[in-house]
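> This structure is in structure tokens; I'll ask about it shortly.
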Amino acid sequence: MREEAIADAGTPDPGRRSLVVCRDGWHEGVIGLVASRLKELHHRPTIAFAAAAGEAGMLRGSGRSIPGVHLRDTLDLVSKRHPGLIARFGGHAMAAGLSLPLGALDAFTEAFEHAIAESADPACFERSLLTDGALAPEELALELVESIERGVWGQGFPEPLFSDVVEVVGQRLVKERHLKLELRLQGRRIGAIAFGRTEPLPPRTRIAFRLQRNEFRGLAELQLVVEAAESAQDAQQPGSL
């Protein structure tokens, strides 16, 4: 479902502020994960729809938003401007759910787009990623992964995200959709992966990354999960991408 949604979204129109996706055969139990992935890829509020189980002719939608766009309030605005378009909805700023008649999907897509375009600050759609900066060489260890795993992270208190300039020693595609990397960071070689990325990285790259335990044949080693990347020559201020 995620791969189908990414393919359907393609390269969104730069002038549009939202994404709405729907396919026959999708399961409503995981549409929230689909919406979340598209939101991360394209940095715009996204709603994924699937046929509602047990409700013939109805769609069930799950949405995820970006900072600065209150998703529940946006749905409320659409509902007030277009009475009857949305059967029911609920949620909060960053996530919401809704139901609507199957035949209302196109009308909802345009009403949702117009509501966001009119109410949201255009600056919200300029992607900016804040990080906790670089780690010292001795901090690149499984002990830090274990410490992070003991934490409780969520909205307003995100899991630590680090950044640094690396040398790309090797890179290859895994399953044709993930970029497997060998990097040189802080004088040592370390493995990394960029999920959902197929474009190669330049030889010197500034990355934003999380730490992960990678286990293979009973051995555990540190791996970086690359969340964002840019050429080291294009790098902005330390701590942001």
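> I'd like the Kirkwood hydrodynamic radius of the stretch 121-241, using the inverse of the mean 1/r over distinct C-alpha pairs, in Å.
Working: mean 1/r = 0.0657 Å⁻¹.
That comes to 15.2 Å for the stretch 121-241.
> Summing Lys, Arg as +1 and Asp, Glu as -1, what charge do residues with Cβ under 12 Å from the Cβ of residue 22 carry, residue 22 excluded?
Numbers: positive: 23, 60; negative: 4, 8, 24, 28, 106.
Around residue 22, the surrounding residues sum to -3.
> With label points built 7 Å along Cα→Cβ from the Cα atoms of residue 231 and residue 93, find their separation and express it in nm.
About 3.6 nm separates the two model spin labels.
> Sticking with this structure for a sec: With +1 on each Lys and Arg Cβ and -1 on each Asp and Glu Cβ, how big is the dipole of the chain about its Cα centre, in debye rounded to the nearest 20? Working shown, then result.
Numbers: 28 positive and 33 negative charges, 55 e Å.
Value, rounded to 20: 260 debye.
> Can you tell me the dipole magnitude for the stretch 58-132 around its Cα centre, using point charges on the Cβ only (Lys, Arg +1; Asp, Glu -1), in Debye to the nearest 20?
Details: 7 positive and 9 negative charges, 75 e Å.
That gives a dipole near 360 debye.
> Okay, next question. Among 109, 11, what's the order by accessible area (1.4 angstrom probe), most exposed first? Mind showing how you got there, number by number?
Working: 109 30, 11 135 Å².
Result of the area sort, largest leading: 11, 109.
> How large is log10 I(q)/I(0) at q = 0.14, 0.20 Å⁻¹ when the Debye formula is applied to the Cα atoms of the stretch 28-96, each weighted equally and without solvent?
For the stretch 28-96, the Cα-only Debye profile gives -0.42, -0.83.
> Keeping all protein chains in the complex and leaving out DNA, RNA and ligands, what accessible area do you get for residue 166 with a 1.4 Å probe, in Å² to the nearest 10?
The accessible area of residue 166 comes to roughly 0 Å².
> To the nearest 10 Å², what's residue 8's accessible area with a 1.4 Å probe?
Counting only protein heavy atoms, residue 8 exposes about 80 Å² to solvent.
> Let me ask you something else. Compute the acute angle (0 to 90°) between the alpha-carbon long axis of helix 105-119 and the principal axis of greatest extent of the alpha-carbon atoms of the chain; round to the nearest 10°.
Tilt of helix 105-119: around 70 degrees.
> Hey, another quick one. How much solvent-accessible surface does residue 175 expose, in Å² to the nearest 10, with a 1.4 Å probe and all protein chains in place?
150 Å²
> What ranking, highest mean first, results for peptides 206-212, 139-145 when packing means the other Cβ atoms within 10 Å averaged over each residue?
Values: 206-212: 21.4, 139-145: 14.9.
Sorting 206-212, 139-145 by mean packing, highest first, produces 206-212, 139-145.
> Hey, got the dipole for the stretch 1-88? About the Cα centre, +1 on K and R Cβ, -1 on D and E Cβ, debye to the nearest 20?
Working: 13 positive and 10 negative charges, 71 e Å.
So the dipole magnitude of the stretch 1-88 works out to roughly 340 debye.
> Sticking with this structure for a sec: Considering the values [x] 61, 39, 33; [y] 44, 41, 28; [z] 49, 41, 33, which represents Cα extents along the principal axes in Å as calculated for the structure under consideration?
Computed from these coordinates, Cα extents along the principal axes in Å corresponds to label [x].
> While we're looking at this one, here's another question. Restrict the search to the stretch 50-156; then list the trypsin sites (Lys or Arg not before Pro) that DSSP places in a loop and that have at most 13 other Cβ atoms within 10 Å of their Cβ. It would help to have the intermediate numbers written out before the result.
On the way: sites: 60, 64, 72, 80, 81, 88, 127, 150; in loops: 127, 150.
When the trypsin sites (Lys or Arg not before Pro) of the stretch 50-156 are filtered for loop state and at most 13 Cβ neighbours within 10 Å, 127, 150 remain.
The values are calculated or read from the model by the stated rules, or taken from the named source; none is laboratory data. Since this is a predicted model, take the numbers as computed values, not measurements. In this analysis, Cβ positions are derived from the backbone assuming ideal geometry, glycine residues included, and neighbour counts consider all displayed protein chains. Surface accessibility is based on the protein's heavy atoms, side chains included, excluding ligands, DNA and RNA. Shrake-Rupley method; radii C 1.70, N 1.55, O 1.52, S 1.80 Å.
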